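The values are calculated or read from the model by the stated rules, or taken from the named source; none is laboratory data. As the structure is a prediction and not an experimental result, all values here were calculated from the model. Cβ: placed from backbone, ideal geometry, glycine included. Neighbour counts: every protein chain shown. Protein only, heavy atoms only, side chains kept; ligands, DNA and RNA dropped before computing areas. Shrake-Rupley method; radii C 1.70, N 1.55, O 1.52, S 1.80 Å.
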Amino acid sequence: MPFGTLPAGIVLDPANGTLGGTAPNVTATYNFTVQVQDQVTLQVASRPYTLNVQGGIAIITPSLPNAYVNQTYSFQMISAGGRTMVWSIPSGWTLPPGFSISSAGLITGFGLSTGIFQTRIQVQEQESQVVATHDYTFNVTLGPLRIVESTVPTGNQNLAYRATLTPAGGIP
C-alpha cells in the first residue's frame, strides 16, 4: 500500500507489488512509502521510495492508414512531448517505394505497387536528443476491399443457378 504521492497514471498493484502505468509528460519527483503486511502475523514492513519522472517523448500515432496504388498519399504523424521534433526512418528501415517522411513528420508519396510493408518511424527531440520509435505495418492496396456487383440475378425454382461475384481492391 503506498503512502505519499504517486505520479498521476501510476498505480501500485497490491496483489503482486507492481508499480505500473503511464506517467505524465512532466519532469517531477514523487516521494512515497510502500507498506506490506503479513496476512497471518499482521507484521508490517515499509520502505520509502523516490520516483523521478523525466519529460519524455512518444509517438502517439497508433497506425498508418492504407495507401492506394496510383494515388497520392499524405498523412501527418503525431507525437507527445518535446519542443523541436525531428522525424525520420532509422537506418536499416525504409518506407514502401514511392513514399518519404519529412522532418516535420508528414508522410507523402504515390502508391507504386501493392504490398504489406514493415517499417519503423522515429522522432527525436532536438534539444535533448531523446528518441522515440514505433514499428508500423504500412499497407499499399488497390483501394478499399469491396465486391463489385451490388445485386445478383434472380434465380428460378428447379433450375441450376450461377452468379459470379467479383472482388476488387485490397491486396491481391
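Taking only alpha carbon atoms, segment 67-167 gives an Rg to Rh ratio of 1.29, where Rh is the Kirkwood radius. For the chain, the relative contact order works out to 17 percent when only alpha carbon pairs closer than 8 Å and six or more residues apart are counted. Fully extending the segment from Trp93 to Ala8, taken as 0.36 nm per residue of separation minus the present Cα-Cα distance, adds 27.1 nm.
Here r is the Cβ-Cβ distance between Thr18 and Thr41 and R0 is 25 Å; the resulting FRET efficiency, rounded to 0.05, is 0.60. Taking only protein heavy atoms and a 1.4 Å probe, the accessible area of the chain is 54% carbon and sulfur.
Accessible surface calculations at 1.4 Å, restricted to protein heavy atoms, place the chain at 66 Å² per residue. Please list, by residue number, everything in segment 95-137 whose backbone N is under 14 Å from a paramagnetic label point 7 Å out along Cα→Cβ of Leu145. Within reach of a label on Leu145, which here means backbone N under 14 Å from a point 7 Å along Cα→Cβ, segment 95-137 contributes 115-116.
Rounded to 0.05, the FRET efficiency of the Thr33 and Gln118 pair, given R0 = 35 Å and the Cβ-Cβ distance, is 0.20. Average projection, convex hull of the Cα set of the chain: 19.6 square nanometres. The Ala104 and Asn70 beta-carbon pair, evaluated with R₀ = 22 Å, returns a calculated FRET efficiency of approximately 0.30. Within the chain, DSSP assigns beta bridges of which about 95% are antiparallel (rounded to the nearest 5). Stretching the chain fully between Thr137 and Ala58 yields a gain of 26.6 nm (0.36 nm per residue, less the alpha carbon separation).
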